[in-house]
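Single-structure report; data block below.
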Amino acid sequence: MLPPSSRPPLPRPAVQYALVALAALLVFAGTLANGFVYDDNQLVLENPWPRSLAGVQEAFGQPLFGFLESSTAQDPRHHYYRPLMHVFVFVLRQGFGLQAWAYHLALMLGHAAVSVLVLWLLRACLSPARSTSGEGAGAGTWAALGGALLFALHPVHTEAVAWVSGAMDVGMTLAVLVAARLWLPAPATAPRALGAAAVWLVGLLFKETAFVLPALLWALERATASAQARGGWGAQARRFGLLGLGGGAYGVLRLAAMGGALPGHNAPPTAAGLASVFAFPADLGGKLVWPVPLAVLSPGGLVESWADPRVPAGALLVVALLALAVWAWRREQRVAQAGLFWLCLPAAPALALQARGVDAYAERYLYLPSIGFVLCVALALRAGLLRWPDRARMLGLVSGGVLAAFALLTLVYVPIWRDDLTLWTYVQETVVDQPLIHSSLGNLHLNAGRVDEAIPHLEVAARGLPREFRVHNNLAVAYAKTGRFGDARRELERTARLMPDNPVAWHNLGLVSRREGDLEKAIAYFRDALRLAPRRVDSLLELGRTLLRAGRTAEAVAPLEEALRLEPGLEPARKALAEARAAASPPPR
């Protein structure tokens with residue numbers, strides 16, 4: 001054993017918290033140079049709701065992407081209710097407009113706050129105040145600090161912190177930890193339980209995964225308080241009942257907005273889909289231990305058969321976790337039980353999505369579960385320090401080396417999220433070829449006006465994703481821009497079959513028909529779009545223009561007037577309306 005004089009002194013708690021916060025800020029400081037990428041373009045740049053208080057109020061009655069055309073709103077994979085994401089964007093937009101650095105700074109500060117609360121949680125579990133062993137308390141404090149630094153620096157958190165849309169995961173996790181801070185020490189008083197309920201509601205409105213909070217708090221209670229302190233079943237039922245008020249309020253809001261809609265997939269289940277469920281724990285969860293390479297998609301690509309090595313690896317990981325859980329239960333290792341709860345329960349919704357046919361590989365889904373992971377790591381580190389006190393320096397050096405390596409990986413990964421072209425080029429170079437990569441690159445080139453570069457990517461994506469509305473619609477737009485109207489019509493007819501209640505498909509069919517000279521068919525398509533979305537300004541404008549070209553000037557007036565009423569500053573509608581009125585008026589005598 002090392003003599004006391006050779007042991008490093010324990011930093012004061014305030015210094016520990018400051019160190020963790022500083023590490024979290026420094027490692028992600030590079031995000032300040034990044035822009036908006038991927039879903040940020042829709043949720044931040046194109047989103048009309050955060051532009052006004054009325055829009056924010058509307059967000060509480062709609063799914064996350066409800067502001068888009070029904071191509072997304074109809075898609076069951078997007079049945080998410082997260083109105084506080086729109087509130088987050090609204091607040092920042094009021095103060096900073098669309099300056100990306102402000103959004104990234106907010107996420108950096110959120111991650112630092114989460115990291116500080118992770119240190120608090122680890123200290124509560126590993127170095128409780130009731131500990132009478134100075135040596136045990138010291139080992140627990142060092143282990144908690146190491147675990148919190150691992151959380152702060154972990155590269156797997158880059159997607160959640162460097163991507164503005166990751167605010168849903170960071171905000172939800174922050175709310176879960178604040179609720180835990182209010183809940184402990186056990187037993188929680190009625191005011192603290194009500195405060196935790198309010199914060200739980202906030203977490204749920206950021207992301208549905210927060211519904212696991214009651215089970216997480218129960219595990220924390222068992223890890224940090226005696227049975228006598230927790231009280232009997234009646235006392236526990238009363239305080240958890242108060243907590244349940246937050247979940248009940250969320251349920252009312254969600255049902256009013258979305259009914260019973262849950263994320264899923266239109267496609268029927270397949271054998272490959274079932275195999276992907278077994279592979280999922282190793283494919284995604286393995287990134288907590290070995291975060292190389294990291295990418296938006298699974299580096300190994302989609303699981304297409306039971307022969308994929310990730311399938312047995314995932315099954316073995318599940319068996320190992322079950323064995324560890326049985327050991328922790330039999331040995332009454334309640335801190336280990338809590339770590340497993342915090343690791344596995346928040347990951348369960350992602351596994352459920354995978355089982356419902358949604359490709360749920362996303363590193364941000366590990367943001368909350370990684371708290372359980374670092375708790376288990378810190379618990380193992382404390383055990384090592386207690387069992388081999390004479391090797392404390394070696395354990396410290398190994399831990400420091402791991403932290404340094406993880407920090408370096410994060411620093412390298414952060415700039416990849418600078419913009420869409422950088423991100424998707426990296427993904428294409430890093431992971432097995434997948435249709436979604438080509439879809440994203442095709443959309444990127446199409447939006448930038450590089451249509452000839454977009455078409456090959458979109459054609460590959462359309463072959464690989466035959467049921468994806470947006471892919472076929474974008475390919476049709478690209479074909480139309482290059483004069484391939486027959487090919488454009490074919491793709492648009494496919495989109496109309498995929499989602500017959502989507503006005504975009506019918507509107508675009510109207511545009512193509514007009515370019516082909518079939519004005520009557522174009523008029524019918526525009527009216528089909530307006531039947532589905534009567535307030536769709538683009539369709540009102542194009543219907544009026546087409547009626548005007550067809551010589552039906554009197555009929556053109558009404559849709560053009562309605563377009564101007566809905567959008568008074570629409571100059572093309574104003575000019576077309578003036579032309580229609582002039583043509584419809586009898587000549588002077």
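The values are calculated or read from the model by the stated rules, or taken from the named source; none is laboratory data. Please read these numbers as outputs of a predicted model, since none were measured by experiment. Here the Cβ positions follow ideal geometry from the backbone for every residue, glycine too, while neighbour counts run over all protein chains shown. Note: accessible area is taken over every heavy atom of the protein model, side chains too, but ligands, DNA and RNA are not part of it. Shrake-Rupley method; radii C 1.70, N 1.55, O 1.52, S 1.80 Å.
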Rounded to the nearest 10 Å², the accessible area of Thr553 using a 1.4 Å probe with every protein chain kept is 30 Å²
Using only the Cα atoms of the stretch 406-500, each taken as one equal point scatterer with no solvent, compute I(q) by the Debye sum, divide by I(0), and report log10 of the ratio at q = 0.13, 0.16, 0.19 Å⁻¹.
-0.48, -0.66, -0.85
Radius of gyration and Dmax over the Cα atoms of the stretch 366-440, both given in Å:
18.5, 56
Which listed residue (Leu153, His111, Ala180) has the Cα farthest towards the positive end of the charge dipole for the chain, taking +1 on Lys and Arg C-beta and -1 on Asp and Glu C-beta about the Cα centre?
Ala180
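All other residues with a Cβ under 14 Å from the Cβ of His457 taken together, and with Lys, Arg as +1 and Asp, Glu as -1, what is their net charge? Before the final figure, lay out each step's value.
Values: positive: Arg450, Arg463, Arg470; negative: Asp420, Asp433, Asp452, Glu453, Glu459, Glu468.
Local net charge: -3.
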Just want the answer: with Cβ charges of +1 for Lys and Arg and -1 for Asp and Glu, which residue in Leu274, Phe60, Ala533 is farthest toward the dipole's positive end in the chain?
Phe60
Computed on Cα atoms only, the convex hull of the stretch 506-570 has an orientation-averaged projected area in nm² of 3.8 nm²
What ranking of Phe240, Phe280 comes out by heavy-atom accessible area, probe 1.4 Å, highest first?
Phe240, Phe280
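Given DSSP loops and a limit of at most 11 other Cβ atoms within 10 Å, what is the longest stretch of the chain that contains no such GluC sites (Glu not before Pro)? Could the numbers behind the result be given before it?
Details: sites that count: Glu46, Glu332.
Looking at the chain, 47-331 is the longest stretch - no exposed GluC sites (Glu not before Pro) with at most 11 other Cβ atoms within 10 Å.
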Using Cα-only point scatterers and the Debye equation, what is log10 of I(q)/I(0) for the stretch 146-222 at each q in 0.12, 0.15, 0.21, 0.27 Å⁻¹, rounded to two decimals?
-0.37, -0.57, -0.95, -1.18
Quick check: convex hull of the Cα atoms in the stretch 345-504, volume per residue, rounded to a whole Å³?
146 Å³
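With n ≥ 4 as the cut-off for DSSP H runs, can you work out [θ] at 222 nm for the chain, using -39500 (n - 2.57) per run divided by the number of residues, rounded to the nearest 500? List each step's numbers first, then the result.
Numbers: 28 runs with 396 residues, N = 589.
After summing the helix terms and dividing by the residues of the chain, the value is -21500 deg cm²/dmol.
In debye, nearest 20, what is the charge dipole magnitude of the stretch 141-286 about its Cα centre with +1 on Lys and Arg Cβ and -1 on Asp and Glu Cβ, if you could check?
Numbers: 8 positive and 5 negative charges, 121 e Å.
Once rounded to the nearest 20, the dipole reads 580 debye.
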At 1.4 Å probe radius, can you tell me the per residue accessible area of the chain in Å²?
44 Å²
Starting from 0 in steps of 5 Å, tell me what percent of the Cα-Cα pairs of the stretch 303-357 lands in each bin.
5, 17, 19, 24, 17, 10, 6, 3, 0
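Quick check: convex hull over the Cα atoms of the stretch 80-119, volume per residue in Å³, rounded to an integer? Don't skip to the end; give the middle numbers.
Values: hull volume 3.2 nm³, N = 40.
Per-residue hull volume (Cα only) is 79 Å³.
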Shape call for the stretch 324-411, from the Cα gyration tensor axes a ≥ b ≥ c (a/c under 1.5 means rounded, otherwise prolate when a/b beats b/c, else oblate), comes out oblate
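Can you tell me the dipole magnitude for the chain around its Cα centre, using point charges on the Cβ only (Lys, Arg +1; Asp, Glu -1), in Debye to the nearest 20?
Working: 53 positive and 42 negative charges, 327 e Å.
The calculation lands at about 1580 debye.
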Roughly how many whole Å is it from the C-alpha centroid of the stretch 493-564 to that of the stretch 301-323?
50 Å
Specify whether the C-alpha gyration tensor of the stretch 269-348 places it in the rounded, prolate or oblate class, a ≥ b ≥ c being the square roots of the eigenvalues: rounded for a/c under 1.5, otherwise prolate if a/b is larger than b/c and oblate if not.
prolate
For Phe341 the rounded accessible area (nearest 10 Å², probe 1.4 Å, non-protein molecules ignored) is 60 Å²
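Treat every Asp and Glu Cβ in the stretch 417-460 as -1 and every Lys and Arg Cβ as +1, leave all other atoms uncharged, and give the resulting dipole magnitude about the Cα centre to the nearest 20 debye. Please list the in-between numbers first.
Numbers: 2 positive and 7 negative charges, 23 e Å.
The dipole of the stretch 417-460 has a size of about 100 debye.
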Taking every eigenvalue of the Cα gyration tensor of the chain, multiplying by 5 and rooting it, what semi-axes result, largest first, whole Å?
52, 26, 22
Please name which of Cys125, Gly171, Trp233 has its Cα lying farthest along the dipole of the stretch 121-254 towards the positive end, using unit charges on Cβ (Lys, Arg +1; Asp, Glu -1) and the Cα centre as origin.
Trp233
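Can you pull the semi-axes for the stretch 456-498, root of five times each eigenvalue of the Cα gyration tensor, sorted largest first, whole Å? Intermediate values should be presented prior to the final figure.
On the way: eigenvalues 45, 29, 9 Å².
The three semi-axes for the stretch 456-498 are 15, 12, 7 Å.
Relative contact order of the stretch 151-239: what whole-number percent is it, with Cα pairs under 8 angstrom and at least 6 residues apart? Don't skip to the answer; put the middle values down first.
Numbers: 75 pairs, mean separation 25.8, N = 89.
It comes to 29 percent, rounded to a whole number.
Can you tell me the relative contact order of the chain? Whole percent, Cα pairs under 8 Å, sequence separation 6 or more. Mind dumping the intermediate values first?
Details: 881 pairs, mean separation 84.7, N = 589.
Rounded, it is 14 percent for the chain.
Over the stretch 394-544, what is the relative contact order in whole percent, taking alpha-carbon pairs under 8 Å and six or more residues apart? Present the calculation step by step, with values, prior to reporting the outcome.
On the way: 161 pairs, mean separation 17.6, N = 151.
Taking the mean separation of contacting Cα pairs over the length of the stretch 394-544, I get 12 percent.
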At q = 0.10, 0.16 Å⁻¹, base-10 log of I(q)/I(0) for the stretch 209-355 (Debye sum, equal scatterers on each alpha carbon)
-0.51, -1.06
From most to least accessible, 1.4 Å probe, no ligand or DNA/RNA atoms counted, Asp169, Asp390, Asp518 line up as Asp390, Asp518, Asp169
Could you give each residue of the stretch 275-290 its phi-based ³J(HN,Hα) in whole Hz, using Karplus coefficients 6.51, -1.76, 1.60 with θ = phi - 60°, and x for Gly or Pro?
4, 5, 5, 5, 6, 4, x, 7, 5, 9, x, x, 5, 5, 8, 10
Keeping all protein chains in the complex and leaving out DNA, RNA and ligands, what accessible area do you get for Asp433 with a 1.4 Å probe, in Å² to the nearest 10?
100 Å²
